[in-house]
Structure formats: structure tokens, C-alpha cells
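**Q** Below you will find the structure I want to go over with you.
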Amino acid sequence: MPLSLLLLALASVPSSQGVAPSPVPPPGVHAGPSKEASTLTADGSLATPPSSMEDGEETEEVESESAELEELRALEGATLDPEAKPNAEMMQSLRRLGLTNPLRLRMLDALEEPTFREDDTAPPLARITDLANFDISQVKDRYDIPVDMQPRVAEYIQFFQGPGRKWFRKWMARSTRYLPVMQPILESKGLPRDTVYLAMIESGFSAHAYSWAHAAGPWQFISSTGKQYGLKQDFWVDERRDPIKATHAAASYLKDLYGELGHWYLAWAGYNTGSYRVRKMVERYGTNDFWVLAEERGLAKETKHYVPKLIAAALVAKNPTAFGFSEEEFQYEDTLEYDEVKLTDATDLDVVARAAGVSVTDVQELNPELKRWCTPPATAAKPYVLKLPRGTTTRFAENLQKLSPSERLTFKVHTVKRGDTLSQIAQKYGTAPEAILQMNRLKSARVLKVRAELVIPVPANSRGGSGGASGAIATKVAQARRSGVVATRPEDEIPAGTPRGPVAAGPVKTEKVDGKTRITYGVQEGDSLWLIANRFQVSVDDLKKWNNLPKRNRTLSLGTLLAVWPPDAKGAAPAKVEERGGTIVVANAVAGQAPAGPKGARVHTLAEGETLWSVSQRYNVSVQDIMKWNHIKDHRTVPTGKLLSLSAP
């Protein structure tokens, strides 16, 4: 069809044929500042006033009045240049028209261009062996996000090809599960579909990813930002882990960031570090060019690497063979498919699985937001929507009705009080310790934390109180034991709130580096350098040297990662923990001995983070004696490095 006839045909199409308005400008086009100023929350995330969290009325109003003209302009550019390939903006415009829209079909038929059709894929790229001279223009049209080949992008590609290869394989394997459900959500919010690769670098598409900064889920929301964008977090659920709900929230957050900062690179950087910091950088240096800003002072190294990492992940993920991966390396997961059922009361996941004819693991994988072994309390007015494997809802509904009360459990919530033990709580509610452990996803519990909340499974035909276990409880206990849950003997339990000596108990990761063992330790609340050094049987000075800590450093930030190089080749075992008179203390071969001082007296040099109490526990003497032997009047003012005598003069 001649161009003039094509334009005439398109211009004659009425504007009411179901053309959807464009929610945001295409990538690279600034939407303009919002009407209301955004504020910064304590965690550095964007806090948007309620009215500005809605779609930008001014921009959408203009675009909605000329939706077809937008499509026409996009098509015009390609038609006037026969050599031009369909670009990302044009592809996005065509997708917004919908698969059955008459205008879209006319465009496709008139152009007779197969690359516009959704069921066709771009031809594979040839193997890329020279990244330094790779022409990025070859692939730009395959993306609806901006992609540039910068030195750091090339470095990340090489990282994924080499040291990070095994992790990238996992990410790719999971991508087929989540891309088909996440990308339509992003597109419906007006975001580029390839924004999905932000979730790849954030979590590797893992619903269970959890960072040292306490960010959770595939999009790695911290608690405050998650709540700001509607993700519920309570005793029963953490919606940051739900891939559907979290994608809706991430799309809204990224849309706000793009509207504020004006470019996708800056929006991604803002997602990593907070929009305030990025905006201040733009104002300070007078440019919105991320690559220029990345060379200046002010952005953290992680943020400077965030954008090139995302671009590299997108480049390799959509062209794996071109970047040296073979299809045999990926064990792709099936697309996330499910049906939904509405539950009107809290229901045991074992019961759900049996009724649906699937495994409990199947139910948990579809509902990663659940923090307990049961669904939250619900009512007919406010049911809980549970996901089940596709095609099982009819069987589930039929079988659930057939269950007798003896096969069902109800649930109570118990707040741990000082003096509680697990066996006492189980007896109070007429249940079993193993059942409580499994419902709360705990393997064991010798000591309970005061004010912690536990969900207590109770027989449906029981009113509480002591009594024999029902059939449902007995089944739960058997399942718990099969899964490795072990209940501590009542005589070995420690009542909640019993004073305990500090023990460095943060998570660790052990790995081999150049033939040596390196332990990465995450600092927890209450940790000190002395406690950590004591656990791994190293010195405080070595910890400081290995981690470039100042000599007078007195505090550690929660979540800080410390490198520890234990003395033995096999890696240091945690310090022995033992009980003395109802108090849990740290003890090891080093801790039990003190160097001999003058005339054979035992002495100890007070290390950073130590107290007279911890020294007294270490050497089995009293605080009062240490103060008396060393003429100390106030235990709070003893300086680090003081030589303490540990025996009577």
C-alpha cells in the first residue's frame, strides 16, 4: 500500500476504537515534575503524598486525547525510512493498542512487516567475542529500556561469563517462571517490559531473597518502602515476597522515581540508593547523565555499579548464546501458573495440600508470603486469597467439605512471657511442642524470646487447656518429626527471659579463597568485636586489620559484613557455649586461660567491647572481686586496654 493511502486509512480511524492511553512517556522522555513535592523517609526512600501516588493527571490527559496520533507518529518515522527497523518506542506503542485492535491490525497488514508481530522473535546474534568493539546499536531495538555499552557494562558481562556464571545460570532458570507474569504487570503500569531485569539483579528472581539491610522478596523492598507501596507485613504474611503483589508495588515505585528524576538510569539508581541522593547529585553537578555522575563523588560504589549491572544482565539474558552461554546450561522452570481460592478462616497448609491433592511444598512455593504453616485468620467478608496449582480448585473445595472436625485445626496466637517454655505453652493449649515448632517454621527452640508471637495449633474440637492430642495434632507431630523438627526435653529448656551472656550468633558464610578459609560474618544486635573474635578464636586486632577498621572503633553497625580468616585450614568452629548457674556463657580453649603476670598472678587486658561482667564469666570470678583486686570504683569507666588482675594480691 502506498504511504499516502496508508496515512489516509489510519487518519480515518475513529478515536474511540479502544485505544488505551499511554500511561507514561516512552523511555528517555521527561514527564515533568510532579505537582506535589516528595519527601524523604528515614531510610532514604521516596515518600510521596497520597494525591501524587495516583497517575499523573496532567500528562495522561494530554496523551489520552491523542493516543492514535502517537501511534501514527511512531509508524510514520519507520515508514518514511524504509531502511529503519522498528524501534523500542514503536513496539511499545503497538503493544498498547492490544492484539485485536483494528488500528493495530491495519498497521501490521499495511506494512507487511513480520518483525512487528508478537509471535516472532528477532534473529539470534552471532557470537560476540570482542566486547571492546561490540556495536550496541545491533541490539538496541530489541529492548524497550535504554542500553549503552560502557566499560563497566562490559566488566559485568565478563563477570557473568566467568566468576558469576553459576549464579547467572540460576537467574536464567528462574526467569522463565517469572517473566511471563511480571512483564505484563510492568507494561500495564506504563513501564518498559525489560525493567523486569531489575528484579534479576536485585534477587535473581528469588521470592525468598533477604538482604543484610532487611530487604525481602524478588524486588528487595525494605519494610518501610514496602508498606508505603501497599505491601502488608505482619505476624502472618510478608507480601514483599509475593512476586505478583511485589511487582505491582515495584512498578508504582519505579514510575514515581522516573517521574521525579526523568531518566530510567536515574530511576534505577534511585531505586538502589533513594531518590533524594540522586536528585542532589543532579543538582550539584548540573547534569542528568548517569555516566557522568558515576564518575563524581557522592554515589556509593554499589549504586555506581547498579545501572551497568542491570544493562549487562539484560544484554546477556536476552542473547545468552551470543555471550557464550549454551541452552544446555539452563534448567528452565515452568511459568508461574495458579488458580485462586478464597478461605474464610485460618487453615493448616497440610490440610490444604491434602484437599487439593498436592504437596505442601507446592502450596508454599505458590504462596511465599506466608510466614506460618497456615493461612491468616479470615472471614467471609474479608477472605484470604490462596494460590493453588492450576486445575486443583474444584477437588480442593470438594475434599475440604468432607474433612471431619477431628482432622481440622484451629489457631491461637500466644505472646511469649518471661518464664515461658515451649512445653508449658503446649500443655496450656492442649497441643504438642513439635506442632508449635512446625507451624512457626522453627526446627528447635530451647529458649524462647520474650514478646515473640507464636501461632498455636489447637484441635478444632478442643476448647483449649490440657488434654490429649487429637488426630490432627498427632498427624502434625508425625509430619514435623519427618521434616527434622526436634522438641527439646522439658528439663533442658531455659525459661524465656533468663539472663544470658552475650554470644556472637550472626549468620556466617564459609568459602575458600586462594586455598585459605574465609568466613563472612553478619553483625547482629548486641555484637562486639571481642565477642566475634572470641567466637572464631582470633584477635580483635586481626579483625580490625582484615576489615580496615580504625583502632579506636567502638561500635559496629547492624548488618555489617566482617571478613574473618580463622587460624586453622578447616575453618574455625564456633566457640563452645556452656551453662553456668543458669547463665549461658562463651567458653573456649583460649578464653579459659589468662596469661601469667608478675609473681605468677593471672592478668587480663580489657579488650574493646568487653565488660567486667564478661571478664568475670570468662574466668569464673565475680565482678566485685575484680573491682576489689584492681581498686575500681565504677565498673562503667574502666578503659579499654587496662590490665586487670584476676586473683587476690
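**Q** Can you tell me which residue is surrounded by the fewest Cβ atoms within 10 Å (Cβ to Cβ) among those in the stretch 263-285 that are of a type in the set (Gly, Ala, Ser) and at pLDDT below 95?
**A** Restricting attention to the stretch 263-285, the residues satisfying the condition of being of a type in the set (Gly, Ala, Ser) are 267, 269-270, 274-275.
Subset that is at pLDDT below 95: 274-275.
Working: Gly274: 19, Ser275: 24.
That would be Gly274.
**Q** Pull out all pairs, ordered by first then second residue, where Cβ-Cβ is under 9 Å, the residues are six or more apart or on different chains, the first lies in the stretch 152-170 and is closer than 17 Å to Lys304 by Cβ, and the second is open to solvent by 70 Å² or more (accessible area, probe 1.4 Å) and modelled with pLDDT under 95.
**A** Ala154/Ala132
**Q** Yes or no: the stretch 295-302 includes at least one residue that is closer than 23 Å to Phe168 by Cβ and modelled with pLDDT under 95.
**A** Let us first name the residues in the stretch 295-302 that are closer than 23 Å to Phe168 by Cβ, namely 301-302.
Filter once more, so that each one left must be modelled with pLDDT under 95: 301-302.
Checking the stretch 295-302: at least one residue is closer than 23 Å to Phe168 by Cβ and modelled with pLDDT under 95.
**Q** I would also like to ask the following. So if I check each of Ala573, Ala594, which one is touching a helix residue (DSSP H, G or I) at 6+ places or on another chain (Cβ under 8 Å), part of a loop (DSSP other than H, G, I, E, B), modelled with pLDDT under 70 and surrounded by 12 or more Cβ atoms within 10 Å (Cβ to Cβ)?
**A** The match here is Ala594.
**Q** Same structure, new question: Let me spell it out: the conditions are (1) within 21 Å of Leu370 (Cβ to Cβ); (2) part of a helix (DSSP H, G or I); (3) of a type in the set (A, V, I, L, M), and Val341 meets all of them except one. Which number is the exception?
**A** Checking Val341 against (1) within 21 Å of Leu370 (Cβ to Cβ); (2) part of a helix (DSSP H, G or I); (3) of a type in the set (A, V, I, L, M), the one that fails is (2).
**Q** Related question: Which residues, taken from the stretch 194-216, are in contact (Cβ under 8 Å) with a residue 60 or more places away in the chain and either within 20 Å of His263 (Cβ to Cβ) or part of a loop (DSSP other than H, G, I, E, B) (or both)? Before the answer, list the steps.
**A** Initial filter on the stretch 194-216 (in contact (Cβ under 8 Å) with a residue 60 or more places away in the chain): 194-195, 197-198, 200-201, 207-208, 212-214.
Once the filter is applied, which keeps residues that are in contact (Cβ under 8 Å) with a residue 60 or more places away in the chain and either within 20 Å of His263 (Cβ to Cβ) or part of a loop (DSSP other than H, G, I, E, B) (or both), the stretch 194-216 yields Asp194, Thr195, Tyr197, Leu198, Ile201, Ala207, His208, Trp212, Ala213, His214.
**Q** Please count how many residues of the stretch 217-233 are surrounded by 18 or more Cβ atoms within 10 Å (Cβ to Cβ), touching a helix residue (DSSP H, G or I) at 6+ places or on another chain (Cβ under 6 Å) and assigned to a loop (DSSP other than H, G, I, E, B).
**A** Residues in the stretch 217-233 being surrounded by 18 or more Cβ atoms within 10 Å (Cβ to Cβ), touching a helix residue (DSSP H, G or I) at 6+ places or on another chain (Cβ under 6 Å) and assigned to a loop (DSSP other than H, G, I, E, B): 6 in total.
**Q** If the requirement is being among the acidic types (Asp, Glu) and touching a helix residue (DSSP H, G or I) at 6+ places or on another chain (Cβ under 7 Å), which of these qualifies: Asp345, Asp289, Asp350?
**A** Result: Asp350 is the single residue among Asp345, Asp289, Asp350 that is among the acidic types (Asp, Glu) and touching a helix residue (DSSP H, G or I) at 6+ places or on another chain (Cβ under 7 Å).
**Q** Another question, then. Going through the stretch 431-452 one residue at a time, which ones are over 19 Å from Pro490 (Cβ atoms) and open to solvent by 60 Å² or more (accessible area, probe 1.4 Å)?
**A** Answer for the stretch 431-452, where residues must be over 19 Å from Pro490 (Cβ atoms) and open to solvent by 60 Å² or more (accessible area, probe 1.4 Å): Arg441, Arg451.
**Q** Would you mind telling me which numbered condition in (1) hydrophobic (A, V, I, L, M, F, W, C); (2) outside any helix (DSSP H, G or I); (3) modelled with pLDDT of 75 or more; (4) in contact with a strand residue (DSSP E or B) (Cβ under 7 Å, 6 or more places away or on another chain) Leu556 fails?
**A** (4)
**Q** Checking Ser203 against (1) crowded, with 20+ Cβ neighbours inside 10 Å; (2) of a type in the set (S, T, N, Q); (3) in contact with a helix residue (DSSP H, G or I) (Cβ under 7 Å, 6 or more places away or on another chain); (4) on the phi < 0 side of the Ramachandran plot, which test does it fail?
**A** All conditions pass for Ser203, except number (3).
The values are calculated or read from the model by the stated rules, or taken from the named source; none is laboratory data. Every value quoted in this text rests on a predicted model; they were computed, and no experiment measured them. Every residue, glycine as well, gets a Cβ built from its backbone with ideal geometry; the counts of neighbours run over all protein chains shown. SASA here: full protein model, heavy atoms, side chains in, ligands and nucleic acids out. Shrake-Rupley method; radii C 1.70, N 1.55, O 1.52, S 1.80 Å.
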